[in-house]
Amino acid sequence: MKQIIVFAGTTEGRQLSEWLAGEGLEVLACVATEYGSHLVREEDHLHVRQGRLTQEEMAQLLEAEGRPLVLDATHPYATEVSRNIRTACKEADCEYLRLIRAEDRKGEQAGEDCITVGSVEEAAAYLAGTTGRILTATGSKELHHFTTLPDYQERVYARVLASKEVVEHCQSLGFLGQHLICMQGPFSKELNTAMLRQFGASWLVTKESGKEGGFGEKLLAAREAGAKVVLIGRPPEQEGRSVEEGIALLRKRFSLKSYPRDRFQERRAFLAGIGMGPQENMTKEAWAVFEQADCILGARRMIEGFAPLQKPMLDAYDPDEMRAYLQEHPEYQRIAIALSGDVGFYSNAKRLLALFEQEGIKTELLPGISSVSYLCSRLRIGWEDVKLVSIHGRKSNLIGAVRENFRTFTLLGGKDNVQALCDELLYYGLEHVAIYVGERLGYFEEHITKGSPKELRNITFDGLCAALIENPGYKGGAVSCIPDEAFLRGKAPMTKSEIRCLSVAKLGLARNSMIYDIGAGTGSVSVEMALQAPEGTVWAIEKEEEAARLIRENARRFQTSNVKVIEGTAPEALEQLPAPTHAFIGGSSGNLREILTLLLKKNPAVRVAVNAVTLETVGEAVQCFKELPFSHVETVQVQLSKAKTLGRYQLMTGQNPVYIFTACGNRQEQELPD
């Protein structure tokens, strides 16, 4: 006795049979041909019956198997078979569930390149009045209609199933050699395109086989190969349920926890850059992905343009919210994510790639037109030399980028709006720059405004916009060995220019280094390091209030917005800061060992430089680097003399010797004292 009988004339019918049997239900899969019996794996709980059945034979089978639930998963064009199954179920008093493969609406959008007819016979009649080779993908059962074409043996290429009975039938009709292609579908767009081009086909004859039958891939291939499509329209379907609805019903009826895709299908997600938004600014490849998707995800302004496609949509930007939605809807196999601009330019793609990898979803990225290339095209300038920055929901040293580059592009949004941008530019003395603000780029309301920071700071702009900043007074290249007199000095101690330059060089900073300047004094070393690491951050730790004020003024003077002043005494002031890659210690207030110990705990591979003038500090540094887990310890003693003019003469005046210690934390971390 069987619990379910599946008339499995389609790919999804076979998959359902194997899924239900895998859940422990007793299933009988009925297939018409011997070829079909090879496609369904007979296994525990799954039995396969091969052979065509009449209506009476179907009714007898249902009674013999105890009147089970019947799933009609036959092909949309197998109307006679479906009618027989429905009638047999009524006679045997069995529950009948028709699962209808969803229609693919792409044929309606193909325009004049797609001719729709009512049958294979009508297709052959239409093609009789045309010229050019024909590739048929309608199967072998009605292939005889094409023999009415006078030159069919030279003109028609038939793609059919690879079974003995099919091959013999086609050969009997006169389809021989390369005109008979025996393969099992569905086929990719690339393979369809290759076949059309191989045979020089001007026509593709196909049925509307839905997504599962690769209908969309056929249309795309025909378009790419320059072939026209003759589409056999679907016959009218009686009442039934979609495959997804049927699966939901079966899961509820039999308390099943899995879903067919868990065993048979691979979910795919497409992260598509939609350019500036409207369809005309999107690539054809991206638009096709959204047309073929089972669902569309993205922020509201990204997905609102896809409403005419009538797809399930989720207004979301957070990856975790998307994850929860997809877990709740396992029926969605082809997922399209709408991302603004280009997927590789400050998009959510990186986070989504990681998420889909965790979920076992195969992911593809489709590029789009980025906001920077679009805005520059509107301004009629190239963007190969533009510095790219974003302060939309992230921290970036925008001031450093403007200081070093003629043109800087940035994305704006939320609190980092145009007014905040203008205020920051004015604070750091960049009032002379020109700003181009692009609002609603690519939309009907698109507007570009040019002005100085003073002119634009009181204008209200759209919440999401982009800006291009031109700085004719930019200072390209690295700045080093800044003269002492360039800094505001006050009464705070300052590391002299040559010592400062050598110490920073010994640290070996990268552009994105995270640095502590401990005992920062006037901030001269902080500024020097911030200029060397414009994409990083310098935390200037200083316990004296007046010195902290000087650091802020010097950071402003040198336009180093990546200097962050922390008032307090080390090591306590370091506790809540992010882990450093580098640290400079110019003053330790007698806490050198405690400071070095904390640095190693925060980053066992930290690189440090210590300046020492007094012998006591020199002795303490020597002991610390011996006893703490440091490697590559180097000690340099530097004594400078500078010329001083006295009357007609210049005399060399010696300065105090300075010891520069540099070392790296040992990655083979040793036990550190509490």
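A few comments on the model shown:
- Every condition in (1) under 21 Å from Ile541 (Cα atoms); (2) open to solvent by 30 Å² or more (accessible area, probe 1.4 Å); (3) touching a residue at least 60 places away in the same chain (Cβ under 8 Å); (4) in contact with a helix residue (DSSP H, G or I) (Cβ under 8 Å, 6 or more places away or on another chain) holds for Glu634 except the one numbered (1).
- Those residues of the stretch 20-39 which are outside any strand (DSSP E or B) and either open to solvent by 20 Å² or more (accessible area, probe 1.4 Å) or farther than 23 Å from Ala248 by Cβ (or both), in sequence order: Gly22, Glu23, Gly24, Glu26, Ala32, Thr33, Glu34, Tyr35, Gly36, Ser37, His38, Leu39
- For the stretch 363-439, the helices (runs of 4 or more DSSP H) that sit wholly inside it and include 1 or more residues that are without any contact (Cβ under 8 Å) to a residue 60 or more places away in the chain and over 27 Å from Arg552 (Cα atoms) are 371-379.
- Single residue of the stretch 498-528 satisfying the filter (charged (D, E, K, R) and crowded, with 19+ Cβ neighbours inside 10 Å) that is modelled with the lowest pLDDT: Arg500
- The single residue among Thr495, Thr449 that is touching a strand residue (DSSP E or B) at 6+ places or on another chain (Cβ under 7 Å), open to solvent by 20 Å² or more (accessible area, probe 1.4 Å), part of a loop (DSSP other than H, G, I, E, B) and not hydrophobic (A, V, I, L, M, F, W, C) turns out to be Thr495.
Conditions tested, residue by residue: (1) closer than 20 Å to Ser163 by Cα; (2) among the polar types (S, T, N, Q); (3) in contact with a helix residue (DSSP H, G or I) (Cβ under 9 Å, 6 or more places away or on another chain).
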| residue | (1), (2), (3) |
| --- | --- |
| Glu18 | no, no, yes |
| Ala21 | no, no, no |
| Ala32 | yes, no, yes |
| Leu61 | no, no, yes |
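- Given (1) buried (at least 24 other Cβ atoms within 10 Å of the Cβ); (2) among the hydrophobic types (A, V, I, L, M, F, W, C); (3) touching a Pro at 6+ places or on another chain (Cβ under 7 Å), index of the condition Ala570 fails: (3)
- Extreme residue, surrounded by the most Cβ atoms within 10 Å (Cβ to Cβ), among residues of the stretch 40-75 that are part of a loop (DSSP other than H, G, I, E, B) and polar (S, T, N, Q): Thr74
- Among the criteria (1) open to solvent by 10 Å² or more (accessible area, probe 1.4 Å); (2) hydrophobic (A, V, I, L, M, F, W, C); (3) within 31 Å of the chain's Cα centre (by Cα), the one Cys182 does not fulfil is (3).
- When the test is whether a residue is assigned to a helix (DSSP H, G or I), within 16 Å of the chain's Cα centre (by Cα) and modelled with pLDDT under 90, Met302 passes it.
- Of the residues making up the stretch 572-586, just one is of a type in the set (Gly, Ala, Ser), farther than 9 Å from Ile518 by Cα and in contact with a strand residue (DSSP E or B) (Cβ under 6 Å, 6 or more places away or on another chain), namely Ala573.
- Search result, residues across the stretch 640-669 that are open to solvent by 80 Å² or more (accessible area, probe 1.4 Å) and either closer than 21 Å to Val608 by Cα or touching a residue at least 40 places away in the same chain (Cβ under 8 Å) (or both): Asn656, Arg667, Gln668, Glu669
Residues checked against (1) part of a helix (DSSP H, G or I); (2) free of Cβ contacts under 8 Å to residues at least 40 places away in the same chain; (3) surrounded by 16 or more Cβ atoms within 10 Å (Cβ to Cβ); (4) touching a Phe, Trp or Tyr at 6+ places or on another chain (Cβ under 6 Å):
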{"residue": "Ile115", "(1), (2), (3), (4)": "no, no, yes, no"}
{"residue": "Lys141", "(1), (2), (3), (4)": "no, yes, no, no"}
{"residue": "Glu165", "(1), (2), (3), (4)": "yes, no, no, no"}
{"residue": "His169", "(1), (2), (3), (4)": "yes, yes, yes, no"}
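- Flag if Ser17 is more than 21 Å from Phe254 (Cβ to Cβ) and crowded, with 21+ Cβ neighbours inside 10 Å: no
- Scanning the stretch 114-135 for any residue that is of a type in the set (Asp, Glu) and touching a strand residue (DSSP E or B) at 6+ places or on another chain (Cβ under 9 Å) turns up at least one such residue.
- Matching residues in the stretch 262-283 - criterion: being surrounded by fewer than 16 Cβ atoms within 10 Å (Cβ to Cβ) and at pLDDT 70 or above: Gln279, Glu280
- Residue in the stretch 305-345 that is nearest to Ile247 (Cα to Cα), counting only those that are under 16 Å from the mean Cα position of the chain (by Cα) and among the basic types (Lys, Arg): Arg334
- Enumeration of residues in the stretch 211-233 that are buried (at least 19 other Cβ atoms within 10 Å of the Cβ) and closer than 20 Å to Arg83 by Cβ: Ile232
- For the stretch 597-621, the tally of residues that are assigned to a helix (DSSP H, G or I), within 17 Å of Asn666 (Cα to Cα) and touching a strand residue (DSSP E or B) at 6+ places or on another chain (Cβ under 7 Å) stands at 3.
- Residues in the stretch 418-441 that are farther than 22 Å from Asp385 by Cα and crowded, with 21+ Cβ neighbours inside 10 Å: 2 in all.
- A search for C-beta distances below 6 Å between a residue of the stretch 207-222 that is closer than 14 Å to Leu196 by Cβ and any residue that is assigned to a helix (DSSP H, G or I) and open to solvent by 20 Å² or more (accessible area, probe 1.4 Å), counting only pairs 6+ apart in sequence or on different chains, returns Glu217/Lys189; Leu219/Lys106; Leu220/Lys189; Ala221/Lys189.
The values are calculated or read from the model by the stated rules, or taken from the named source; none is laboratory data. What you are looking at is a predicted structure, and each value in this text was computed from that prediction instead of being measured. Positions of Cβ are backbone-derived with ideal geometry, glycine not excepted, and every protein chain shown enters the neighbour counts. Note: accessible area is taken over every heavy atom of the protein model, side chains too, but ligands, DNA and RNA are not part of it. Shrake-Rupley method; radii C 1.70, N 1.55, O 1.52, S 1.80 Å.
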